[in-house]
Amino acid sequence: MQRGIIDTMKRTVTYMLCLLPLLLAACHRSPKLPLPMQRAEAMMQPHPDSALAILASMTPPPTAQRFQFEAWKVLLVQARDRNYLPIIPYERAIRRSVTYFDSIATDATSLRAKAHYYLGRIYQDKGDDVNTVREFLTAEPLAEEAKDTTMMINAKSNMGFVFWNNNLLEESDSLYRKLIPLEIAK
């Protein structure tokens, strides 16, 4: 009789230990951006000057809140780029953001795509076509996974421009043809 109780308890503990990782995974939530950063991100396409003003007026999140700090840097570079301001001075900061978002790949696909894309834009401004294309090729599937049509269009069109500048006209034309359905869907 006592042996049956012990076996039942062992089975129960085993089941609990097997279910614990599933429960923990189900309870895990991606970090949220603070309200001003959400507002800036929402205004990025229609009013990039307002997005830049919001981000520039913010006190950067403390580095202890790494997700928010890295997101703030990526959004700031995005706003500067959208306002035709220099972004090359932010190369080291964006590289750190790329490293961080790559390390938490499943939690921040959209920010990861943006970080790679803007590192590519920095390389593009520096005239480094090889690294530009590498970063755009990394950003494109991430943007697709995040269902970020604007980022997919930006990556493809900028990559097409790099190809065109290097007389890779067929490759450029192929990318531009892929942009048509994306633009229509948007």
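Side notes on the structure shown:
- Any hit, region 122-137, residues being assigned to a helix (DSSP H, G or I), open to solvent by less than 30 Å² (accessible area, probe 1.4 Å) and more than 21 Å from LYS73 (Cα to Cα): yes
- Cβ-Cβ under 7 Å pairs, at least 6 apart or on other chains, region 90-112 side small (Gly, Ala, Ser), far side crowded, with 23+ Cβ neighbours inside 10 Å: SER97/GLU70; SER97/VAL74; SER97/ALA115; ALA105/ARG112; ALA108/PHE101
- Condition met for LEU142 (assigned to a helix (DSSP H, G or I), open to solvent by less than 90 Å² (accessible area, probe 1.4 Å) and farther than 23 Å from ILE94 by Cβ): no
- Unmet requirement for PHE69, which otherwise passes all of (1) open to solvent by 30 Å² or more (accessible area, probe 1.4 Å); (2) at pLDDT below 95; (3) closer than 15 Å to PRO34 by Cα: (2)
- Per-region count, region 96-121, residues in a helix (DSSP H, G or I) and more than 21 Å from ALA56 (Cβ to Cβ): 15
- Flag if LEU85 is more than 25 Å from ALA53 (Cα to Cα), of a type outside the set (Phe, Trp, Tyr) and free of Cβ contacts under 8 Å to residues at least 60 places away in the same chain: no
- For PRO86: the one exception among (1) modelled with pLDDT of 95 or more; (2) part of a helix (DSSP H, G or I): (2)
- Residue, surrounded by the most Cβ atoms within 10 Å (Cβ to Cβ), within region 146-175, restricted to residues that are among the charged types (D, E, K, R) and closer than 17 Å to GLN124 by Cβ: LYS156
- Answer residue from region 51-65, given it is buried (at least 16 other Cβ atoms within 10 Å of the Cβ) and modelled with pLDDT of 95 or more and is farthest from LYS126 (Cα to Cα) among those: ILE54
- Residue match in region 176-183 (condition: buried (at least 20 other Cβ atoms within 10 Å of the Cβ) and in a helix (DSSP H, G or I)): no
- Residue that is modelled with the highest pLDDT [pool: residues in region 21-43 that are part of a loop (DSSP other than H, G, I, E, B) and open to solvent by 80 Å² or more (accessible area, probe 1.4 Å)]: LYS32
The values are calculated or read from the model by the stated rules, or taken from the named source; none is laboratory data. Quick caveat: nothing in here was measured; it's all calculated off a predicted structure. Neighbour counts are summed over all protein chains in view; Cβ atoms, including those assigned to glycine, are modelled from backbone coordinates with ideal geometry. For the accessible areas, the whole protein counts, side chains as well, though only heavy atoms, and no ligand, DNA or RNA atoms are used. Shrake-Rupley method; radii C 1.70, N 1.55, O 1.52, S 1.80 Å.
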